[in-house]
Amino acid sequence: MALAGGKLAGGNPERGRVDNDFYATDPKSTRALLDNVKFEGDSFLEPCCGQGHISKIIEEYYPNAEVVSQDLVDRGYGKTGIDFLTYEFDRKFDNVITNPPFKLAQDFIEKSLELLNDNGKVAMFLKVQFLEGTGRKEFFEKAPLKYVYVFRARQSPWMNGSPVDEKGKKWSSTMCFAWFIFEKGFEGEPIIRWL
């Protein structure tokens, strides 16, 4: 039987798209990042905080740091009603960690890099296929991409923030995810590592 469209991309077309693309990051995916990458400084921005799935893990690993959590949509966590791409920030951050809407990932990376203090890091949870595309060639030639941490095991984002589907089963995915780590001021070829 041939796979079509959404199933081939790792989704279930019968379910349709989630409102506002809310696919929360499994806490174990964020723990894998923070177990392997050291973040310097004392401020973090999570611009797509959802229900706090990433922010809460950052707070657990960096209890003395300031974690600013915001989102466009109110899901009961952080400061809401903020469109990250158009919002005028009056400060910078040492680190930005998020799982952005995939179609806006490049825009989120570029804005995040503008908001970084010197030697700051941006970590984006993205599908590995973000590396593809002729349209991103110029972006990758200039972007300070230092590491791509590829997951050995499939990661399954949580639709609408729930760890289980409508039948109570854990989510499963055919997509491959990675953490893309950009470091302000980095020059050189990116390094691929595995989680």
With surrounded by 18 or more Cβ atoms within 10 Å (Cβ to Cβ) and either part of a strand (DSSP E or B) or free of Cβ contacts under 8 Å to residues at least 12 places away in the same chain (or both) as the only criterion, which of ASP90, ASP94, ASP74 stands out?
ASP94
Criterion (at pLDDT 90 or above, open to solvent by 80 Å² or more (accessible area, probe 1.4 Å) and part of a loop (DSSP other than H, G, I, E, B)) met by exactly one of LYS28, LYS38
LYS38
Checked region 55-69 for anything surrounded by 20 or more Cβ atoms within 10 Å (Cβ to Cβ) and either within 11 Å of PHE44 (Cα to Cα) or among the basic types (Lys, Arg) (or both); matches are SER55, ILE58, VAL67, SER69
Condition first: assigned to a strand (DSSP E or B), out of contact with any Lys or Arg (no Cβ under 9 Å at 6 or more places or on another chain) and on the phi > 0 side of the Ramachandran plot. Now tell me which residues in region 111-152 satisfy that.
none
Could you check, for region 142-154, whether at least one of its residues is at pLDDT below 85 and open to solvent by 40 Å² or more (accessible area, probe 1.4 Å)?
yes
With the structure loaded, tell me whether LYS103 is open to solvent by less than 50 Å² (accessible area, probe 1.4 Å) and closer than 27 Å to CYS176 by Cβ or whether it fails that test.
no
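The values are calculated or read from the model by the stated rules, or taken from the named source; none is laboratory data. Please read these numbers as outputs of a predicted model, since none were measured by experiment. Positions of Cβ are backbone-derived with ideal geometry, glycine not excepted, and every protein chain shown enters the neighbour counts. Side chains are part of the model used for accessible areas, which takes the heavy atoms of the whole protein and leaves out ligands, DNA and RNA. Shrake-Rupley method; radii C 1.70, N 1.55, O 1.52, S 1.80 Å.
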